[in-house]
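J.: Dropping a structure here in structure tokens format, bear with me for questions.
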Amino acid sequence: MFKLPNLPYTKTALAPLFNEEQMTYHYDKHHKAYIDNLNKFMETDSSLKGKSLEEITLTSSGGVFNNAAQAWNHTFYWLGISPTGQGEAPSQNLMAAITRDFGSLDELKAKFVDGGVKTFGSGWIWLCADTTGKLSLVSTSNAAVPFTNNGPMPILVADVWEHAYYIDYRNLRQKYLETFWAQVNWSFVSENYSSKKVRDLTKIMMS
Ligand code: MN
């Protein structure tokens with residue numbers, strides 16, 4: 001069985017990016033619902049027993065995939081953001097890759113915001129790295145993750161489902177994504193970049 005992981009900050013600590021009400025709906029209701037739904041599948045589908053959340057995400061489809069992937073995506077999302085002033089800066093290696101692959105950090109931010117704005121309907125905008133360290137932006141729909149079918153490894157993500165920003169930003173997805181960049185947890189992103197592996201989130205989500 002899986003559990004809603006603890007956040008590494010309080011629900012009021014993410015202002016001005018998010019206020020408490022946005023966090024309460026998104027974390028306590030949306031994220032929790034995906035985990036509760038996945039656990040219902042775990043009770044009835046014995047093929048899921050003993051698998052990590054990453055394995056379930058890589059090998060399932062339909063409702064199991066949707067809820068497993070959304071459980072994973074949200075945990076990854078929460079770890080990628082931080083209270084104002086606590087996110088530090090990209091590691092030297094990551095900054096060198098950003099400069100090489102996007103021209104500058106400002107260019108990366110602009111392309112990420114643009115990719116998120118252009119993600120049609122519900123989805124996610126991801127900063128990813130391949131096994132050689134090359135960075136790319138990937139837009140996915142609904143619950144989809146970039147690392148299925150040997151795709152690249154995610155190092156940062158922004159949720160662009162309307163439920164992620166509508167309380168604080170209403171329809172202003174661009175404003176949400178621009179604000180997001182001021183509170184990126186660069187320690188987390190840099191760790192993901194240097195690990196060259198899909199982040200193991202199962203260990204903090206097992207109950
Ligand atoms: Mn969400």
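J.: Does the range 46-62 hold any residues that are in contact with a helix residue (DSSP H, G or I) (Cβ under 7 Å, 6 or more places away or on another chain) and open to solvent by less than 60 Å² (accessible area, probe 1.4 Å), and which are they?
T.: If the condition is that a residue be in contact with a helix residue (DSSP H, G or I) (Cβ under 7 Å, 6 or more places away or on another chain) and open to solvent by less than 60 Å² (accessible area, probe 1.4 Å), then LEU48, SER52, LEU53, GLU54, ILE56, THR57, SER60 are the ones that fit.
J.: If you scan the range 74-87, which residues turn out to be in a loop (DSSP other than H, G, I, E, B) and within 16 Å of the ligand (Cβ to nearest atom)? Let's see the steps before the verdict.
T.: Start the filter on the range 74-87 by keeping residues that are in a loop (DSSP other than H, G, I, E, B), which leaves 80, 82-87.
Listed by number, the list holds a single entry, GLY80.
J.: Something else: Which number in (1) over 21 Å from HIS30 (Cα atoms); (2) among the polar types (S, T, N, Q); (3) surrounded by fewer than 21 Cβ atoms within 10 Å (Cβ to Cβ) marks the one condition that SER207 misses?
T.: Condition (1) is where SER207 drops out.
The values are calculated or read from the model by the stated rules, or taken from the named source; none is laboratory data. Since this is a predicted model, take the numbers as computed values, not measurements. Heads up, the Cβs are rebuilt from the backbone with ideal geometry, glycines too, and the neighbour counts pull from every protein chain shown. We work out accessible area using only protein heavy atoms, side chains counted, and drop any ligands, DNA or RNA first. Shrake-Rupley method; radii C 1.70, N 1.55, O 1.52, S 1.80 Å.
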